[in-house]
Structure formats: C-alpha cells, structure tokens
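Asks: Please read through the structure below; I'll follow up with questions.
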There are 2 protein chains.
Amino acid sequence: MKLSYREYVLRLRHTFAIARGSVDTKQVLIVLLEHDGIVGYGEAAPSSRYGETSDTVKAFLGRVKLEWFDNPFQLESILSQVDSISEGNYSAKAAIDIALHDWMGKRLGLPLHELWGLNRTMTPQTSFTIGIDKPEILAQKIEEAEQYPILKIKLGTDDDQSIMSTIRMATKKVLRVDANEGWKRKETAVEKIKWLEQQGVEFVEQPMPASDLDGTAWVRERVNLPLIADEDCVRYHDVPRLQKAFDGINIKLMKCTGLREAMKMIHTARACRMKVMLGCMIETSLAITAAAQLSPLIDYADLDGNLLITNDPFIGVRVKEGKLELPDRPGIGITEK
Amino acid sequence: MKLSYREYVLRLRHTFAIARGSVDTKQVLIVLLEHDGIVGYGEAAPSSRYGETSDTVKAFLGRVKLEWFDNPFQLESILSQVDSISEGNYSAKAAIDIALHDWMGKRLGLPLHELWGLNRTMTPQTSFTIGIDKPEILAQKIEEAEQYPILKIKLGTDDDQSIMSTIRMATKKVLRVDANEGWKRKETAVEKIKWLEQQGVEFVEQPMPASDLDGTAWVRERVNLPLIADEDCVRYHDVPRLQKAFDGINIKLMKCTGLREAMKMIHTARACRMKVMLGCMIETSLAITAAAQLSPLIDYADLDGNLLITNDPFIGVRVKEGKLELPDRPGIGITEK
C-alpha cells in the first residue's frame with residue numbers, strides 16, 4: 001500500500017464565524033492510498049480546536065507505515081496501528097480511514113452504504129449553517145440558503161438575541177442552534193435556551209464549555225429543548241458518560257478518526273438511547289460524501305461543509321430539497337471535477 | 001427472496017446439565033434464504049430460558065415476509081422490519097440475520113470476517129464446557145477434553161465444591177466458571193467466588209439471578225475475579241447499564257438476534273470499557289462458525305456448542321490447540337457434510 005497526499009486551500013463563500021473565531025480559507029489534505037491498481041481517496045480537514053494544522057497532518061502521515069500491511073481489508077488491525085502512533089491527530093487518522101474504505105468499496109464494486117447494509121433512500125435532510133455575521137449579511141445568507149429547509153444558526157455570543165431576531169424576521173424554517181461552548185455560565189445557558197424554546201428551535205448544540213458535564217446536566221434539567229454534544233463528544237469512549245448530560249451526540253469524521261469509529265459511536269449512542277447527528281468541518285465533497293454514506297443510520301445531518309466553499313474539487317453527494325442524495329458509484333462515490 | 005427451513009435434532013455426546021436443568025438432545029432449525037441463485041444459510045437454536053421452542057421459531061418464520069424486500073444488501077431495513085414483527089423470538093431472528101450475512105458474503109466472494117475488516121489471525125482460543133455431572137463422569141470429560149487448553153465449568157449448585165475439587169484433581173488448565181444465576185444470595189456468591197479465587201479461575205459468569213444488578217454490584221465490590229454478564233445481557237440496549245455491576249458481557253447470537261446486533265454490542269461494550277465474550281447454545285457448526293467470524297474482535301470465546309454433539313451436519317470453523325481457525329470460504333464459510 002502506498003500513501004501520498006495533495007494540499008488544497010478551500011475558499012469560503014463568506015467569512016465563516018463561530019463563537020471562537022472566524023476564517024476565510026481552510027487548508028485540507030487529500031490523501032491517496034494505492035494498492036493493487038486501485039486508488040482510495042481520503043481527506044484530512046484539520047481543526048485547531050483539536051490541536052491540528054495541515055503541518056501536523058503532514059507530519060503524522062510521514063509516520064504512517066502502511067507497507068507493513070499487505071491487505072487493505074484488514075481495516076481493524078491497520079487502523080488500530082495507525083491510532084497507536086500518537087494521541088490526537090484525528091483528521092490525519094480519518095484521512096487514512098476514509099481512503100481505506102474508498103479502496104475497499106472500489107475493489108468490491110459497492111458503494112459504502114451498501115457494503116454496510118444501509119438503504120440509500122433513508123438519508124435525512126441536511127441543515128445549512130449560517131455563521132455569525134452582521135444583520136445585513138445574515139439576511140443575504142438566509143436568502144442564498146433558500147433551497148435548504150433546515151438552518152443551523154451559530155450563536156454563543158453577546159449578540160445572540162439580535163442574530164435570532166434578524167433570522168426569524170427573514171424565515172420561518174426549522175432552526176437548529178449551535179452555541180459552540182459560548183455560554184460560560186449555566187444560568188446564562190438556561191436563560192438563552194428558555195428564550196430559544198419560543199423561537200421555533202429544534203435543538204441546541206454544545207451550550208456549555210466541554211468537560212462541564214455537571215453544569216450541562218443542570219441546564220438540561222431546566223430546559224425543554226434537546227441538547228446535543230459536539231465539543232464534548234470526540235471519540236467513542238466519550239459516548240457512555242454523555243448520557244447523563246445530553247440527549248444526543250454530534251459525530252464528525254475529523255474528530256473521531258473516521259468512518260469505522262463513527263459507526264462504533266452510532267451503535268454506542270443507540271444502545272444508550274441517544275440521538276445521533278453527523279456533522280462536519282469546512283471540507284470538500286470527498287469527506288462530506290464519506291460521512292453521508294453513514295447517514296441512513298442517523299437522526300440529524302449537518303453535512304454542508306462543501307456547500308460553504310467556492311472551489312470544491314470533487315463531485316459527490318447532492319442535496320435535493322435538503323435531502324442527501326448518495327451517488328451510486330463504488331466506495332465513497334466521488335469523482336474529480 | 002425466498003425463505004425455507006429444515007429441522008434437525010442434535011444428539012449430545014453427554015447429557016448436558018447446568019444449574020437449571022439437563023438435556024440429551026436439542027432441536028434446531030436450519031434456514032435457507034434464496035435470492036438471485038445464491039443460498040444463504042442460517043440457524044435458530046431456540047432456548048427455553050428466553051421463551052423459545054422449535055415451534056415458536058416455525059411460527060415466527062411463517063410471519064416473515066421477505067418478499068417485501070428485493071435487495072438482501074439492505075440488512076438494516078430488513079432486520080429492523082423482522083425485529084418489529086414481535087418481541088422476543090431471538091433465535092428465529094438470528095437465523096434470518098445469519099442467512100442474510102451468508103448470502104451477502106457469498107455474493108461478494110468474501111468471508112464475513114474480511115467483509116468486516118477483521119484479521120483472521122486474531123481469533124482467540126475457545127473454552128470447552130464441562131457440564132454438571134457425577135465425579136466419575138467429570139473425570140472422563142476432562143480426559144476427553146485434553147485438546148482444549150481452557151475449560152468452562154458449570155457451577156451454581158450445592159455440589160460446587162466437590163465438582164471443582166474433582167476437576168482440579170484432574171487438570172491444571174485455566175478454568176472459567178459459569179454459575180448460570182445459580183447463587184441466589186449475594187453473600188453466597190461472594191463466599192463462592194472468594195473460594196474460586198484460590199482455584200485458578202479466570203472469571204465468573206452470571207453469579208446472581210438476572211436483573212439483580214444491585215446485588216451483583218455488591219458482590220463485585222467484594223471479589224477479585226472479573227464478573228461477566230450472560231443472562232443479564234440479551235440485546236444491545238442492555239449493555240450500558242451493565243457497566244455498574246459487571247466487567248464484561250457474554251454475547252450469543254441466539255440471544256441478541258444475530259451478527260448485526262452482536263457487532264453493535266461489541267462496539268458498545270468497548271465504548272464502556274468492558275470485556276467481550278462470545279458464547280453459544282447447543283448448535284451446529286453453522287451458527288458456531290457465524291459467531292467465530294466476529295471473534296477477532298473479542299477477548300474470550302466459548303464457541304463449543306458444535307463440539308458437544310455427535311451429528312453436526314456441517315463443517316466450518318476448526319479448533320487447533322484451542323484456537324479458532326476460520327474457514328477461507330465466502331460468507332460464513334460452512335459446507336454440508
């Protein structure tokens with residue numbers, strides 16, 4: 001097995017702002033895994049929130065010795081070995097996981113959802129994310145998002161009330177709220193969420209800083225909207241202890257090291273009777289389509305990272321009236337533009 | 001998809017006795033699922049402990065309408081529909097799950113472990129079960145079990161001490177103990193387990209009656225041997241709450257409705273940092289080999305149901321110095337004798 005990579009700078013349609021900062025571009029790495037005449041594609045979209053940059057991804061990929069393995073079908077052993085190289089490096093690990101899955105699907109001539117026994121008609125609608133912005137830009141973004149029936153609103157700032165008012169003036173769509181750990185006091189979180197309950201909001205993601213599970217559990221007892229763990233839910237060992245504070249989890253390939261662990265997290269969350277959301281970073285249609293292959297198993301999709309950029313190098317999953325439409329090609333099912 | 005079945009009466013080499021009763025024969029059903037020229041094989045080995053008999057299996061199979069589905073790859077949808085027909089009927093559901101997996105593997109030309117990304121060299125050793133018996137028969141059984149390096153001893157009776165003494169006189173092998181809910185008082189369980197700690201025992205299965213998790217947790221605080229849930233662990237929703245009382249779970253296809261749910265249980269148990277054991281009922285090499293396909297993921301195998309019978313109609317997994325050796329054929333990998 002041979003591993004190589006290319007770097008891409010993704011350009012965002014709008015400056016993308018959330019509670020902890022803003023960006024205009026995003027660096028990702030496309031990984032190619034070649035074996036036996038077949039090339040599997042993977043992607044790393046590193047996030048500084050989890051200590052990664054494109055440089056850490058490149059350094060990690062340099063330490064991966066796939067030539068130790070002669071059979072890409074041995075995913076469990078290969079990915080365990082890759083995981084053991086060092087802590088963290090989630091997106092770099094995800095790139096290898098995705099490429100191995102793409103390779104396997106191509107080798108068998110099967111789309112991943114079919115390999116996993118899933119029904120392509122069961123995909124959910126995806127939300128479309130509206131980053132933090134000035135009122136006039138927010139109104140423009142809502143207009144541009146006309147084709148998406150569910151919007152995800154980034155809050156967690158001092159301007160939450162004016163952002164929501166601007167958005168509610170512009171649309172009656174279902175809204176999901178992501179506070180990105182922005183409410184630092186549990187009393188603030190309760191107050192904000194009680195107010196959001198009146199605004200036609202479906203759920204709230206990560207109201208409190210990660211690791212404050214007691215605070216979040218306290219909030220949860222006092223509000224009616226479901227709470228979904230994002231920054232608190234990185235890998236599968238995190239899931240069981242989140243039961244006491246959250247109603248569901250947001251799984252992202254770039255946090256959890258890829259499709260194989262994402263599947264384990266879905267199963268664990270279901271066993272714990274929790275809701276499952278699949279989210280993303282700013283990333284190309286490659287990683288988005290890989291995640292979408294799992295989406296027949298989930299409740300809420302937020303797979304819009306590719307919709308926020310202007311130079312997506314791939315074609316993969318499509319969105320029709322909000323619903324994810326999986327390609328009918330082997331593996332992830334992407335093609336280069 | 002067409003479903004049919006055959007009935008078999010398995011004959012036991014020795015009368016098989018555990019804490020709650022004994023048997024000389026066991027009725028199982030072999031299910032055939034035919035689609036597109038390929039036949040997938042499944043097996044139901046019903047257990048009265050879970051309210052099943054060969055008649056309930058036949059009645060359940062009569063209610064399954066697989067003609068609603070045109071694609072056996074849609075395992076998740078098909079098995080959800082089958083599961084929703086009625087409560088219970090675990091082994092009947094498992095027969096369909098196993099047959100669908102066998103079909104899929106045969107269609108793709110892949111053994112199941114390879115389809116799941118597992119490494120066939122990572123299979124564990126299986127234990128061999130010694131049922132409750134008189135001292136002279138126990139000694140004979142230990143002799144017959146010479147080739148198996150790990151023995152599982154059935155206890156949970158008033159004769160536990162004499163059974164263990166007889167066995168320890170005959171062998172120095174690693175012993176695992178299964179009490180099958182036989183110790184009714186928590187003080188008895190602690191006393192028995194403290195004594196077993198001196199007898200070279202690796203772990204104890206289901207010391208207390210199922211559902212007494214508080215009692216089992218009380219026992220666990222007072223003993224040093226790991227406790228494994230069997231009768232307390234039926235399906236995947238059971239797993240998270242077992243954390244507080246047990247160190248691991250025993251998964252059986254005939255309890256959990258098959259391979260797909262068994263995989264979900266393995267992932268959930270790992271997320272909960274619990275040990276995983278794969279067990280069985282008295283069953284043919286068909287269901288044993290199906291379970292063995294998952295065994296590269298587990299800690300402890302007790303896949304010996306086929307070794308206890310004299311008229312196994314199939315050839316599948318083999319045992320070499322205790323280690324499970326998976327066949328290299330597509331699907332489950334069994335052939336008829």
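Asks: Taking 7 Å along the Cα-to-C-beta vector as the label spot, tell me the B:Asp70-B:Thr310 distance in nanometres, rounded to one decimal.
Replies: Reported label-point gap for B:Asp70 and B:Thr310 is 5.1 nm.
Asks: Got a sec? How would A:Phe203, A:Phe246 order by Cβ neighbour count within 10 Å, fewest to most?
Replies: Ascending Cβ contact count within 10 Å gives the list A:Phe203, A:Phe246.
Asks: Provide the packing ranking of B:166-175, B:328-337, B:224-233, i.e. peptides ordered by the mean count of other C-beta atoms within 10 Å per residue, highest first.
Replies: Listed from highest to lowest mean packing, they are B:224-233, B:328-337, B:166-175.
Asks: Next up: In which sequence would A:Val204, B:Val201 go, from the one with the fewest C-beta neighbours within 10 Å to the one with the most?
Replies: The order, fewest Cβ neighbours first, is B:Val201, A:Val204.
Asks: Hey, if you put +1 on the Cβ of every Lys and Arg and -1 on every Asp and Glu Cβ in chain A, which of A:Ser295, A:Ile96, A:Tyr41 ends up farthest toward the positive end of that dipole?
Replies: A:Ser295
Asks: Considering every residue in B:266-279, what mean count of other chain Cβ atoms within 10 Å of its Cβ is obtained?
Replies: What the average comes to for B:266-279 is 4.
Asks: Give me a single rounded figure for B:115-123: the average over its residues of other chain Cβ atoms within 10 Å of their Cβ.
Replies: Neighbouring Cβ atoms belonging to other protein chains average 5 per residue here.
Asks: Return a whole-number percent for the relative contact order of the range A:1-130, with Cα pairs under 8 Å and 6 or more residues apart as the contact set.
Replies: Dividing the mean separation by the residue count of the range A:1-130 yields 24 percent.
Asks: Distance check, please: which entries in A:Lys244/B:Lys244; B:Lys2/B:Lys65; A:Lys252/A:Lys275; A:Lys65/A:Lys106 exceed 18 angstrom between their Cα atoms?
Replies: Going by Cα-Cα distance, A:Lys65/A:Lys106 fall outside the 18 Å limit.
Asks: Can you list, shortest first and in nm, the gaps between the label point of B:Thr121 and those of its counterparts in the other copies, using a point 7 Å from Cα in the C-beta direction?
Replies: Spacings between copies for this position, smallest first, are 4.5 nm.
Asks: Within 10 Å of each residue's Cβ, count the other Cβ atoms and sort B:Asp36, B:Asp97 from fewest upward.
Replies: B:Asp36, B:Asp97
A short reminder: the numbers here are calculations on the coordinates, not readings from a lab. Note that this is a predicted model, so its numbers are computed, not measured. All Cβ positions, glycine included, derive from the backbone under ideal geometry; neighbour counts span all protein chains shown.
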